[in-house]
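Novice: Take this structure first; my questions come after.
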Ligand SMILES: [Zn+2]
C-alpha cells in the first residue's frame, strides 16, 4: 500500500481548485502539523528560485508515503515518506521538486516531471546541496526511463567536482522526531 501511494503521490501536484478534496481527506484522517525546519528550507529554496510567494511545509502523520503541493504554496509530506529518506539532500530535492511544479504552474493532469526535476536539481545545486546525493531517494522508485535519463542529463550538466551538503544533523534529528 505504501509503495503504491508513493508512486501515485510522490512529487504529485494538485491544481488549487482540485486541492480541497485531497487535503480535506488527508487532514480529516490524519494529524498534520506545520513544521519550522522544512518550511525554512522551502522558503530559502523558493527565494533562490525567485518564486515570489509564501510557501510552507506541513507534515502529515501517516505511514503512507507521499508528497504533494498546491499552487497556493502548501506542501504536504507524510511522515512515512520522510522516514524512508536517506539524507537531507534527498529531502531538499523533494521539497524543491514540489516548488518547481508550483513555479512551472503545472496542473494536476499535465505535470511534466522532467521539467520539475531539472528545475529542482538546479535549485538545490544553487542552494549548496549535493544534487548527486539528492537523487538517491529515487534509486528504488519506479520512475520512467525518460525521467531517469533526464536526471542523468541534468547531473552531467552540473560541475562534476561540486561537493555540496549531503546531510546534516538537523535533518536526522527532525526525522527521529516524527
Ligand atoms: Zn512531480
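Novice: Is it true that some residue in the stretch 33-43 is at pLDDT below 95, more than 16 Å from residue 164 (Cβ to Cβ) and part of a strand (DSSP E or B)?
Specialist: yes
Novice: Between residues in the stretch 100-116 that are on the phi < 0 side of the Ramachandran plot and away from the ligand (no atom under 11 Å from the Cβ) and residues that are at pLDDT 85 or above and in a loop (DSSP other than H, G, I, E, B), which pairs lie under 8 Å by C-beta distance while being six or more apart or on different chains?
Specialist: Final answer for the pair search is 103/49; 103/51.
Novice: Further question: If residue 63 meets every condition in (1) assigned to a loop (DSSP other than H, G, I, E, B); (2) within 12 Å of the ligand (Cβ to nearest atom) apart from one, which number is that one?
Specialist: Of the numbered conditions (1) assigned to a loop (DSSP other than H, G, I, E, B); (2) within 12 Å of the ligand (Cβ to nearest atom), the odd one out for residue 63 is (2).
Novice: Filter the stretch 95-115 down to residues that are buried (at least 24 other Cβ atoms within 10 Å of the Cβ) and under 18 Å from residue 144 (Cβ atoms), then give me how many there are.
Specialist: Going through the stretch 95-115 one residue at a time, the tally reaches 3.
Novice: Additional query: Would you check if residue 94 is near the ligand (Cβ under 10 Å from one of its atoms) and under 11 Å from the mean Cα position of the chain (by Cα)? I'd like the intermediate steps shown before the answer.
Specialist: Numbers: near the ligand (Cβ under 10 Å from one of its atoms): yes; under 11 Å from the mean Cα position of the chain (by Cα): yes.
For residue 94, the condition - near the ligand (Cβ under 10 Å from one of its atoms) and under 11 Å from the mean Cα position of the chain (by Cα) - is met.
Novice: Hey, residue 152 hits all of (1) touching a residue at least 60 places away in the same chain (Cβ under 8 Å); (2) surrounded by fewer than 19 Cβ atoms within 10 Å (Cβ to Cβ); (3) part of a helix (DSSP H, G or I) but one; which does it fall short on?
Specialist: Failing condition for residue 152: (1).
The values are calculated or read from the model by the stated rules, or taken from the named source; none is laboratory data. Just so you know, these numbers come straight off a predicted model, no measurement behind them. Cβ atoms come from the backbone with ideal geometry, glycine included; neighbour counts cover every protein chain shown.
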